[in-house]
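Only one structure is covered here, and it is reproduced in the block below.
The values are calculated or read from the model by the stated rules, or taken from the named source; none is laboratory data. Nothing here was measured: the structure is a model prediction, and the numbers come from that model. Every residue, glycine as well, gets a Cβ built from its backbone with ideal geometry; the counts of neighbours run over all protein chains shown. For the accessible areas, the whole protein counts, side chains as well, though only heavy atoms, and no ligand, DNA or RNA atoms are used. Shrake-Rupley method; radii C 1.70, N 1.55, O 1.52, S 1.80 Å.
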Amino acid sequence: MSGVLKNEYLKKIFDEVMERDPHEPEFQQAVFEVLESLEPVVEKRPDIVKADVIRRLVEPERLIIFRVPWMDDAGNMRVNRGFRVQYNSAIGPYKGGLRFHPSVNASIIKFLGFEQCFKNCLTTMPMGGGKGGSDFDPKGKSDNEVMRFCQSFMTELYRHVGQFTDGPAGDIGVGAREIGYLFGQHKRITNEFNGTMSGKGIPYGGSLGRKSATGYGLCYFTANALAAKGDGFAGKTVVVSGSGNVAIYACEKAQEMGAKVVAMSDSCGYIYDEKGLDIEIIKTLKEVKRCRLSEYAQAVPGSVYTEGCCNIWSVPCDIALPCATQNEIDIKAAQLLVKNGCKCVAEGSNMSSTAEAAYYFIESGILYAPSKAANAGGVAVSWMEMSQNSTRLPLTEEEIDAKLQKIMKDIYENVSSAAKEFGLEGNFVAGANIASFLKIAEAMMAQGCC
Ligand code: NDP
Ligand code: 2IT
């Protein structure tokens, strides 16, 4: 952790978190960042301190951990661990994705759930925050194995979720295939066809804009922030990390807005082409064939594949869009990006930058858009999907895109004016944390001691 909390009340709360959850570094990192942003707020708002809102907010309302037994294709019994954190329901039912990745543990699920509360609030939709997942790795598994795992996972999860209680969606390792199996099992057990799950396929209630929403929303947020400086994507060189759902549609929209995306990665390495990448080839490799990105270099002469995903940040660019995973930009990568002329970092992945890297970006004065503001487009369109499932009147692609553009513009304006109001102009980390916290705090105070 970089920095020190000056406010005694906040320092005590953070010490309690450290003591209670000593083995949860990602959760501690996410909490510290928010507490630091709230220093000017607690000075101005004794009512919030009196109601002890922050001490309540750093503790999730509920953390569910469960066994997920499933049978592999060879007939062996396998066991994974499932999680759902129902973090905060002050402004609406819990809402947030599911992550299937071997690294998943309580710290990661809690940091994601904590951040989700603030992000969801920024969308202005009435959603609380939640997150879940498993240490199951879908990579290398057959479709039947993934199906059996998802069915077993939902056989336990169904009792905790519901359209008015908690709505899961996708995240790392959970895309259309997994959501389909999870939805199918939920429907079968509950005998209800409803909007509990978002990210569904189009033929069974999915939103026409959900698949592209996070990546497109990231570019809309960034375009608004650049426009305020009299700038834009046109003519810029962009590096996008990852090659999953968020990365693919961030790349597509950045290209549509006139940028040249020269590099993308997966967990093994990155591809580079100074002429710009062909996103249709990447979609086929990743969405259809589910193969490694290294195959791009075989398919496209002139492109180069380099082993090791972290080195992608050595590629010079004007704009960096990290869209892979948490803490993918460390201080060395941050320094290298800025040294090579990068003027804007906008986070598609949750908590893309380490605390040190985030401080460095803010101090360097570059445009730094933190994930909870910049990647909120995905969950915003998830809510539109739930909404169209309730009204039974699907929105058109054009309607969704127009709403998404407005939401991302409003988030930008809200975050930037909150930062200004608290004397931190241009600091979107503080702006995002303060703007969302104040609304959640009002709701928590109004609802009394709960
Ligand atoms: P996907 O599973 O579709 O893609 C993840 C991508 O990141 C893959 O290219 C993967 O490579 C790479 N990756 C995963 N883990 C690592 C790692 N430890 N090191 C390097 N690369 C890694 O996930 P999404 O695109 O859905 O999610 C990406 C990020 O965006 C996550 O941080 C997620 O929380 C966040 N996010 C997602 C939203 C959504 O709507 N899906 C909404 C908001 C945020 P490989 O295939 O080799 O594993
Ligand atoms: O981090 C996120 O915002 C997501 N993974 C999407 C959550 C959602 O409910 O759509």
Checklist entry - Checking residue 194 against (1) of a type in the set (S, T, N, Q); (2) away from ligand 2 (no atom under 16 Å from the Cβ); (3) in contact (Cβ under 8 Å) with a residue 12 or more places away in the chain, which test does it fail? => result (2)
Checklist entry - Within the range 198-222, which residues are within 11 Å of ligand 2 (Cβ to nearest atom) and either among the β-branched types (Val, Ile, Thr) or touching a Pro at 6+ places or on another chain (Cβ under 6 Å) (or both)? => result 214
Checklist outcome for this item: Across (1) more than 16 Å from ligand 1 (Cβ to nearest atom); (2) within 21 Å of the chain's Cα centre (by Cα); (3) hydroxyl-bearing (Ser, Thr, Tyr), residue 382 clears everything bar (1)
Checklist outcome for this item: Quick count over the range 330-353, residues being of a type in the set (S, T, N, Q), more than 17 Å from residue 222 (Cα to Cα) and within 15 Å of ligand 1 (Cβ to nearest atom), is 0
Checklist entry - Tell me, which residue of the range 195-223 that is in a helix (DSSP H, G or I), of a type outside the set (Phe, Trp, Tyr) and away from ligand 1 (no atom under 12 Å from the Cβ) is most open to solvent (accessible area, probe 1.4 Å)? => result 203
Next on the checklist: Looking for something touching a Phe, Trp or Tyr at 6+ places or on another chain (Cβ under 9 Å) and of a type in the set (Ser, Thr, Tyr) - is there at least one such residue anywhere in the range 135-150?
Outcome noted: no
Next on the checklist: List pairs: first residue in the range 215-233 and under 22 Å from residue 351 (Cβ atoms), second residue of a type in the set (S, T, N, Q) and surrounded by 24 or more Cβ atoms within 10 Å (Cβ to Cβ) anywhere in the structure, Cβ distance under 6 angstrom, at least six positions apart or on different chains.
Outcome noted: 218/375
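Residue-wise test of (1) in a strand (DSSP E or B); (2) more than 16 Å from ligand 1 (Cβ to nearest atom); (3) modelled with pLDDT under 95; (4) on the phi > 0 side of the Ramachandran plot.
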position: 64; (1), (2), (3), (4): yes, yes, no, no
position: 73; (1), (2), (3), (4): no, yes, no, no
position: 79; (1), (2), (3), (4): yes, yes, no, no
position: 97; (1), (2), (3), (4): yes, no, no, no
position: 125; (1), (2), (3), (4): no, no, no, no
position: 132; (1), (2), (3), (4): yes, no, no, no
position: 144; (1), (2), (3), (4): no, yes, no, no
Checklist entry - So is residue 151 of a type outside the set (Val, Ile, Thr), surrounded by fewer than 19 Cβ atoms within 10 Å (Cβ to Cβ) and within 15 Å of ligand 2 (Cβ to nearest atom) or not? => result no
Next on the checklist: I'm trying to understand the selection: among the residues of the range 154-190, which are under 16 Å from residue 64 (Cβ atoms) and open to solvent by 20 Å² or more (accessible area, probe 1.4 Å)?
Outcome noted: 155, 156, 158, 159, 160, 165
